[in-house]
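The next block holds one structure in the form of structure tokens; read it before the comments.
Computed from the coordinates by the stated procedures, all read-outs in this text should not be read as laboratory data. Everything numeric in this text was worked out from a predicted model, so none of it was measured. Using ideal geometry, Cβ is built from the backbone for each residue, glycine included, and neighbour counts are taken over all protein chains shown.
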Amino acid sequence: METRSEHPIARGIVKEAERRGIKIMKIENFNASPGKGVSGRINDRYFEILSPNYVKIPEDKRLKNVFSEGKTVVFVLEDGKIIGAIALADIIKEESRDAIKMLRDMGIRCIMLTGDNKHVAKWVAKELGLDEFFAEVLPHEKSEKIRQLQKKGFTVAMVGDGINDAPALVQADVGIAIGAGTDIAIESADIIPVKNDPRDVVEIIKLSKKTYRKMLQNLIWASGYNAIAIPLAAGILYAYGIILTPAIGAVLMSASTVIVSINAKLLS
């Protein structure tokens, strides 16, 4: 039974294996190391699936071709010996391209944090038009990268969906967990868009700016109203025959509340 905490890449590998008719065998003593890989025993043989950072990559023409194409390769080891490799390709959705373009048009700097190697990160960053990227970042290092950006004076919004993103979501000024993400990422975030669409991040920023403007408008109106009405109620213009009776004051107060409410309602 699938759960939201399962790794999406692992699900993809298993799905492809099943499509090819490869038998899925029972694993014992399973262990997962975030950012490194997984291990376990099958029929008393010890297997590992590790990221390139934890393997001495063999000289192989096919591997070089795969790396040059901007793909990530994870290695399958049996008792410490490499017996295979799985190439993982990033499919960049048009929604992501649109989201990055709209964010940059708004003057927002777009940075990618990824555990992938530099070649893959560079390719993705170029395809999306990102301002900067940090590659080969381990899960516990993501929050530190966020902290470094904050020390430089940036207000950081972090968008993530995986278990490895949870610490960074907490560290960021605003954590945004994609709705289809893992439970722990969702629990760590401040905002959770319902749809799995990165363009919703743009809408969130637009809505927050509109909300802030409405707050300022209502604050200015309320302050201006009180600055005029309170002195009148205190009788500052009594010598000129201008008196603000309690009845008129109550009407004006109600009118002010209605105006503020209508202005807030116009946000939608």
| For Leu219 and Arg97, FRET efficiency with R0 = 22 Å and r from the beta-carbon atoms, rounded to 0.05? | 0.05
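For Asn31, what is the net charge nearby, where nearby means another residue's Cβ is under 11 Å from its Cβ and Lys, Arg count +1, Asp, Glu -1? Before the final figure, lay out each step's value.
Numbers: positive: Lys36, Arg41; negative: Glu28, Glu48.
For residues surrounding Asn31, the net value is 0.
If you add up the charges near Thr155, with Lys and Arg at +1 and Asp and Glu at -1, over every other residue whose beta carbon is less than 11 angstrom from its beta carbon, what do you get?
Summing Lys and Arg as +1 and Asp and Glu as -1 gives +1.
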| remark: A correct Stokes-Einstein calculation for the stretch 8-88, using the alpha-carbon Kirkwood radius, 37 °C and 0.692 mPa s, returns a whole-number D in µm² s⁻¹ of 241 µm²/s
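What does the convex hull of the Cα atoms of the stretch 94-201 come to per residue, in Å³, rounded to a whole number?
Values: hull volume 10.0 nm³, N = 108.
In the stretch 94-201, the Cα hull volume divided by residue count equals 92 Å³.
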| Length-normalised contact order of the stretch 94-201 in % [C-alpha pairs under 8 Å, at least 6 apart] | 21 percent
| Among all the lysines, which ones have a C-alpha under 19 Å from Lys122's C-alpha, if same-chain residues fewer than 8 places away are not counted? | Lys64, Lys71, Lys93, Lys101, Lys142, Lys145
| field | Percent of beta bridges antiparallel (DSSP, the chain, rounded to nearest 5) | value | 70 percent
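Over all directions, average the projected area of the Cα convex hull of the stretch 203-265 and note it in nm². Working shown, then result.
Values: hull surface 17.9 nm².
Value for the stretch 203-265: 4.5 nm².
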| request: Using the Karplus curve 6.51 cos²θ - 1.76 cosθ + 1.60 with θ = phi - 60°, work out ³J(HN,Hα) for each residue of the stretch 18-25 in order, rounded to whole Hz, and write x for Gly and Pro. | output: 5, 4, 8, x, 7, 6, 8, 9
| message | How tilted is helix 199-233 with respect to the longest principal axis of the chain? Cα atoms for both, answer in degrees (0 to 90, nearest 10). | response | 20 degrees
| query | Mind checking which aspartates and glutamates have their C-alpha under 13 Å from Lys26, skipping anything on the same chain fewer than 8 residues away? | reply | Asp44
| For q = 0.09 Å⁻¹, what log10 I(q)/I(0) does the chain give under the Debye formula with an equal point scatterer on each alpha carbon and no solvent? | -0.58
| query | Around Asp131, with a cut-off of 12 angstrom between Cβ atoms, what is the net charge of the other residues, counting Lys and Arg +1 and Asp and Glu -1? | reply | +2
| task | Would you kindly derive the ³J(HN,Hα) couplings of the stretch 96-110 from the backbone phi angles with the Karplus curve 6.51 cos²θ - 1.76 cosθ + 1.60 (θ = phi - 60°), listing them in order in whole Hz, with x for Gly and Pro? | result | 5, 4, 4, 5, 5, 4, 5, 5, 5, 5, 7, x, 9, 6, 10
| remark: Cα-Cα longer than 19 Å, checked against Lys36/Lys56; Lys206/Lys265; Lys152/Lys206, kept in input order, equals Lys152/Lys206
| Nearby aspartates and glutamates by direct alpha-carbon distance to Lys126 (threshold 20 angstrom, same-chain neighbours under 8 apart not counted) | Glu69, Asp90, Glu94, Glu95, Asp98, Asp105, Asp116, Glu136
| message | Quick check: Cα centre of the stretch 201-223 to Cα centre of the stretch 83-121, how many Å? | response | 31 Å
